[in-house]
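Below is one structure, written out as structure tokens, with a few remarks after it.
The values are calculated or read from the model by the stated rules, or taken from the named source; none is laboratory data. Note that the structure is a prediction, hence the values are computed from the model and not measured. Ideal geometry is used to build each Cβ from the backbone, glycine not excepted, and the neighbour counts take in all protein chains shown. All accessible areas refer to the heavy atoms of the entire protein, side chains included, with ligands and DNA or RNA removed. Shrake-Rupley method; radii C 1.70, N 1.55, O 1.52, S 1.80 Å.
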Amino acid sequence: MPSDATDAEQQMQPAEQQMTVDRSGDEPVLEVRNLVKHFPLTQGIVFKRTIGQIQAVDDVSFSIRPGETLGLVGESGSGKSTVARTLLRLHEPTGGEAFFQGQDLFTMSNKDMRAARRDIQMIFQDPYSSLNPRMTVGDIIAEPWRIHTGILPRNEQRDRVAELLDLVGLNPDHINRFPHQFSGGQRQRIGVARALAVNPSVIIADEPVSALDVSVQAQVVNLLEDIQAEFGIAFLFIAHDLSVVRHIADRVAVMYLGKIIEIGTEEQIYDRPTHPYTQALLSAAPIADPRRRAASERILLQGDLPSPSNPPSGCRFRTRCWLFNQMKEEDEATGGNRTDKCINEPPELAERDYDHPSACHYPQERHIIETVDRAEVTTPGDDLP
Amino acid sequence: MFRYIIRRILQFIPVFFGATFLIFAMVFAIPGDPIQALAGDKPVDPTTKAVLEDRYNLEDPLLEQYGKYIGLIPQDPTLDQEIAGEPGDGFAGVLQGEFGYSLNRRPVSDIMADAIPKTAKLALMAFVFEIVLGISAGVIAGLRRGSFADNLVLVSTLAVIAIPVFVAGYAAQLIVGVRLGWAPVNAAQATFGQLILPAMVLGATSLAYIARLTRTSLNENLRADYVKTATAKGLPRTRVIGRHTLRNSLIPVITYLGIDLGALMGGAIITEGIFNIPGIGRTVFEGIIRSDGPVVVGVTTFLVVIFMISNLLVDVMYAWLDPRIRYE
Amino acid sequence: MTTTTSVPSKLSASTVAGHDVDPDAPLLQVEDLRVEFTMPTGTVVANDRVNYQLDAGETLAILGESGSGKSVSAQAVMGIIDSPPGAITGGAVRYRGIDLLQLPEKDRRKVRGDHISIIFQDALTALNPVYTVGFQIAEMLRVHRGTSKSEARKVAVDLMDRVKIPSARERLDAYPHEFSGGMRQRVMIAMSLALDPAVLIADEPTTALDVTVQAQVMDLLAELQAETGMGLILITHDLGVVAEVADRVAVMYAGRIVETGEIDDVYHTPTHPYTIGLMESLPQLDVKGGRLRPIPGSPPDLTRRPSGCAFHPRCRFAQQVCVDKDPELRIPAASMVDDDRLAACHFSEEIVDAQ
Ligand SMILES: Nc1ncnc2c1ncn2[C@@H]1O[C@H](COP(=O)(O)OP(=O)(O)O)[C@@H](O)[C@H]1O
Ligand SMILES: Nc1ncnc2c1ncn2[C@@H]1O[C@H](COP(=O)(O)OP(=O)(O)O)[C@@H](O)[C@H]1O
Ligand code: SF4
Ligand code: SF4
Ligand SMILES: [Mg+2]
Ligand SMILES: [Mg+2]
């Protein structure tokens, strides 16, 4: 077991380099710069007044390369879905840019946007509510071809639908069934087939497996991995489940109250987190093995997410930050004033002393979980003696 | 809560002016000449016609007529007043309690003062009748779903809803009044005794709706998680139902009742006609036949106010029953 | 976690609602429980031969995917099954030896909330939206104990303090929708603990909450359990939560318990293919790389329960006997497994040997 940190690092180093070598030549397929989305907060019935702004997403930047999966994690209300919806212009952005294949999604013409919507597909959490209950599965999957005409001639559509159904693990004979005749996991497969119908280069998946039971969730996770490997699709994979994200993502961005507070490779975030929030999040997530029950003391966060309409000054995390509290206590004894900076200055998302960006004035690497390799988790084989 | 009520009242202002102006405009746009209509087939003497037109400001633009009528613009002196060198009546409109004169020169406020109490009495009796019986029937049916009582309520309310009011009214009058002789056929004096049967006829349809609404709502709420919690807390069933289910179930019923109170006042036309009750329903009816604008507008304006007040009551009740909406 | 020394005050009484307790009986014992729902599409056997036992101070996790019958079994213990369409058609629920299913309703009611309490997944819908939280907490004392209004309010404040709701006194007259998700669940917990029950059933108490808040609530429950010595039944679909807090686990599939045992043992040496499948399909926080191994297919529709072993259409070890014969819940005769373990599989022994 590579419990020794240096050992783990040595193992990691080559993998990381390999990844950078592999993909450094690729231009990002999607690059988001300083994305801002504020929702007006209104009061009054006859005369609506804007009394504030819900800062759902505030200055978020990231990029995704072809064939890569970027995981976006955070508590509910942290702005993950808003990022996704704004990228597809389901909400108009308040500010920022989003380059898709070199063109800014936010300033492009409606015609170009329609084309871009074809290349960027979305998969939702609740497969049921996103599938029209009165349409057959065949029609649902073929729908994109009616919207974006010219992709596939009509007479070939039926065969292609059958192929897609087969690809996502559904019985092609069920082409005339309605969504309610499928289970939750199967509906999510329909959603995947619909997204694949137009050969997208990016799929934004907003909590695609959160509503599914574990056994079925694993089927969909594997399916997503397979289609990515086969078609080289880039994924923005949004989830609140840290374990699923670790499994599926190459890189991970952690959001808190509308901001990305730490971003890095899967190893950097899970094995060497430097932001106190990432550390708390990892430490709060239960580990599904009593043998590996969190050895280190659990970092318990106090309270709930503050309101995004009135975020704390300086560092948005400071009202719940354990490091802030710890420094404050220490400083009271020594007369220091480190926490003033947390209160007054919003920390930039930047590399400070570590190899990946973190939005904390005082980042420090902390080892939260003992990573093991899946190969070491033994299970019985297929055949009984 | 107080701010909530104030806010609701402030919202009434545009609604009041909007609704009354609409009514005013529509009534005074009724095709035909009201003065000619008043005179019947006889030709009208042009001088008389001028006097009448002056009296009702009929020569002014519509908006100005409305302003004078509602009491936002002072009245011009009438011809008589002008001749006598007197000033006009000043602001004398609905806001000041003046509803003008009917075409046969009776003050509309007098006509309304005669008719309103009778209709109000009828509507209130119908209201009490439908609340008491409707909610009880709904609760019994809702608590014992699928039972005989439930089916009885379902079938009988369906029948009541399906039968038009005038059919039910004449049938009740014929059977209960004429054949059985249990109730007076004519309610011209609108005494309590006389109004019992008309009130039942008037309230029957709403009663049926209330019973069904209560039943459905109760049924839904009985399956609510918090009712499960209440049972799991070890509360007696009477308390689970009385405290934790009924109150929540009545919220949609209250909404319906609020709309219904106004509807009962306005919807009495048929019932009043059948039972010969001289209430506002009949007054409006006659007003329309005679193109008597001031009467029609006066009564409908009054109804608008009643609608608004009952709506306010509903909102207050609603906010009291459901704390979640107080903050909206 | 079983090392607690405190004992719930309830256990000193020798009668429950006027019925004598059996001093040697376990705190709670569910025997061969069967619950059916009569639906237009057919009869759903939501619980079939459900057996488990709970001791004071112990945490038993009931683990299973949605629709496996976890909540139904909890509601059967509480006596709050929706009826109709549901009915308990067999078995016993013994609380300190007294079969609750045989009690007249008025005595049964006295057990609810007082001796056995429950908290639900979604506190927003489980609390009555039209009453203040203070009213709803105080109601327990007012109804069960006849406590005066002002006294009950005082106790309610204490309870809210105990579950760490900040400024409890000011928040007493607030309505449920004015609290955050985590705080609402604390209100639920305060309410369920008002009468110091001996058994607390928590039905997916943290499923609707974020991990950081989940951790707070699970910590609180563990702390309260250590304080009071109550037995805790934790219903969840989350293998992580189970591993972190449970002493023992009962795995449910299609209305049956398919495996029970001490938590470490079950996770080390699962003896039922479904338990194995759950673990293989779970992405884990501390495991990197590799590929998940899902259980094929999806859980059965309980109106059309597969013949024999209900898991056979999804089981990679299934043989003809699995299609024909429903396995009994029994102690697997394997050396690596102690006799605290029960599993409902024809091939448990072979599966243990293969590991
Ligand atoms: N359409 C909207 N109007 C107003 N506020 C919104 C809207 N959509 C989201 N929000 C707010 O933005 C914040 C972030 O929401 P969301 O992006 O859905 O978070 P997440 O997906 O991380 O749970 C929340 O506070 C939410 O209330
Ligand atoms: N109120 C009800 N009416 C009808 N069927 C029910 C009801 N409650 C539960 N069931 C049936 O029992 C099965 C098990 O449900 P439940 O115990 O809620 O599962 P879970 O393990 O997700 O808690 C469900 O699949 C459903 O068919
Ligand atoms: S900047 Fe300060 S408050 Fe913010 S995360 Fe870092 S230590 Fe905590
Ligand atoms: S009895 Fe057969 S089908 Fe059922 S779990 Fe065991 S091996 Fe699988
Ligand atoms: Mg979301
Ligand atoms: Mg459940």
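Summary of values
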{"item": "Check on B:LEU124, farther than 25 Å from B:VAL284 by Cα, open to solvent by 30 Å² or more (accessible area, probe 1.4 Å) and assigned by TED's automatic domain parsing to the domain that holds B:LEU197", "result": "no"}
{"item": "Test for C:GLU328: is it open to solvent by less than 40 Å² (accessible area, probe 1.4 Å) and more than 16 Å from ligand 2 (Cβ to nearest atom)", "result": "no"}
{"item": "Condition check for B:SER310: within 14 Å of chain C (Cβ to nearest Cβ) and open to solvent by less than 20 Å² (accessible area, probe 1.4 Å)", "result": "no"}
{"item": "Residue count, region C:287-313 (criterion: open to solvent by less than 60 Å² (accessible area, probe 1.4 Å), at the interface with chain A (Cβ under 8 Å from one of its Cβ atoms) and within 27 Å of the chain's Cα centre (by Cα))", "result": "4"}
{"item": "Residue in region B:290-303 that is within 14 Å of chain C (Cβ to nearest Cβ), part of a helix (DSSP H, G or I), open to solvent by less than 40 Å² (accessible area, probe 1.4 Å) and modelled with pLDDT of 85 or more present", "result": "no"}
{"item": "Of the criteria (1) in a loop (DSSP other than H, G, I, E, B); (2) crowded, with 17+ Cβ neighbours inside 10 Å; (3) hydrophobic (A, V, I, L, M, F, W, C), which one B:LEU72 fails", "result": "(2)"}
{"item": "Within region C:113-128, considering residues that are at pLDDT 95 or above and not in a loop (DSSP other than H, G, I, E, B), the one farthest from B:PRO323 (Cα to Cα)", "result": "C:ILE116"}
{"item": "Boolean, A:ASP159 is over 19 Å from the mean Cα position of the chain (by Cα) and modelled with pLDDT of 90 or more", "result": "yes"}
{"item": "Residues being at the interface with another protein chain (Cβ under 10 Å from one of its Cβ atoms) and surrounded by 18 or more Cβ atoms within 10 Å (Cβ to Cβ) - total across region C:152-179", "result": "3"}
{"item": "Of all residues in region C:238-275 being part of a loop (DSSP other than H, G, I, E, B) and more than 11 Å from chain A (Cβ to nearest Cβ), the one that is nearest to ligand 6 (Cβ to nearest atom)", "result": "C:GLY255"}
{"item": "For A:THR274: the one exception among (1) touching a His at 6+ places or on another chain (Cβ under 8 Å); (2) assigned to a strand (DSSP E or B)", "result": "(2)"}
{"item": "Qualifying residue in region C:319-335 (condition: part of a helix (DSSP H, G or I) and among the acidic types (Asp, Glu))", "result": "yes"}
{"item": "Cross-chain or 6+ apart pairs with Cβ under 6 Å, region A:306-322 first and more than 14 Å from chain C (Cβ to nearest Cβ) and modelled with pLDDT of 95 or more, then within 16 Å of ligand 5 (Cβ to nearest atom) and open to solvent by 40 Å² or more (accessible area, probe 1.4 Å)", "result": "none"}
{"item": "Set A:ALA211, A:ALA205, A:ALA197, A:ALA193: member being crowded, with 18+ Cβ neighbours inside 10 Å, touching a strand residue (DSSP E or B) at 6+ places or on another chain (Cβ under 7 Å) and in contact (Cβ under 8 Å) with a residue 40 or more places away in the chain", "result": "A:ALA205"}
{"item": "Region C:207-237: number of residues that are part of a loop (DSSP other than H, G, I, E, B) and open to solvent by less than 10 Å² (accessible area, probe 1.4 Å)", "result": "2"}
{"item": "Exclusive hit being loosely packed, with under 13 Cβ neighbours inside 10 Å and among the β-branched types (Val, Ile, Thr), set B:VAL155, B:VAL139, B:VAL160, B:VAL176", "result": "B:VAL155"}
{"item": "Within region C:180-193, considering residues that are free of Cβ contacts under 8 Å to residues at least 60 places away in the same chain and open to solvent by 10 Å² or more (accessible area, probe 1.4 Å), the one nearest to ligand 5 (Cβ to nearest atom)", "result": "C:GLY181"}
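Let's see how each residue does on (1) touching a Ser or Thr at 6+ places or on another chain (Cβ under 7 Å); (2) under 19 Å from B:VAL167 (Cα atoms); (3) charged (D, E, K, R):
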{"site": "B:VAL185", "(1), (2), (3)": "no, yes, no"}
{"site": "B:LEU195", "(1), (2), (3)": "no, yes, no"}
{"site": "B:ALA204", "(1), (2), (3)": "no, yes, no"}
{"site": "B:ILE210", "(1), (2), (3)": "no, no, no"}
{"site": "B:ASN221", "(1), (2), (3)": "yes, no, no"}
{"site": "B:ASP225", "(1), (2), (3)": "yes, no, yes"}
{"site": "B:ALA230", "(1), (2), (3)": "no, no, no"}
{"site": "B:PRO236", "(1), (2), (3)": "no, no, no"}
{"site": "B:HIS244", "(1), (2), (3)": "no, no, no"}
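Every residue, every condition in (1) within 21 Å of B:ALA25 (Cβ to Cβ); (2) open to solvent by less than 90 Å² (accessible area, probe 1.4 Å), yes or no:
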position	(1), (2)
B:GLU64	yes, yes
B:PRO77	no, yes
B:ILE83	no, no
B:PRO87	no, no
B:GLY90	no, yes
B:VAL94	yes, yes
B:GLY100	yes, yes
B:LEU103	yes, yes
B:PRO107	no, yes
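One line per residue, one yes/no per condition, for (1) in a helix (DSSP H, G or I); (2) modelled with pLDDT of 80 or more:
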{"position": "B:TYR4", "(1), (2)": "yes, no"}
{"position": "B:PHE17", "(1), (2)": "yes, yes"}
{"position": "B:VAL51", "(1), (2)": "yes, no"}
{"position": "B:GLY88", "(1), (2)": "no, no"}
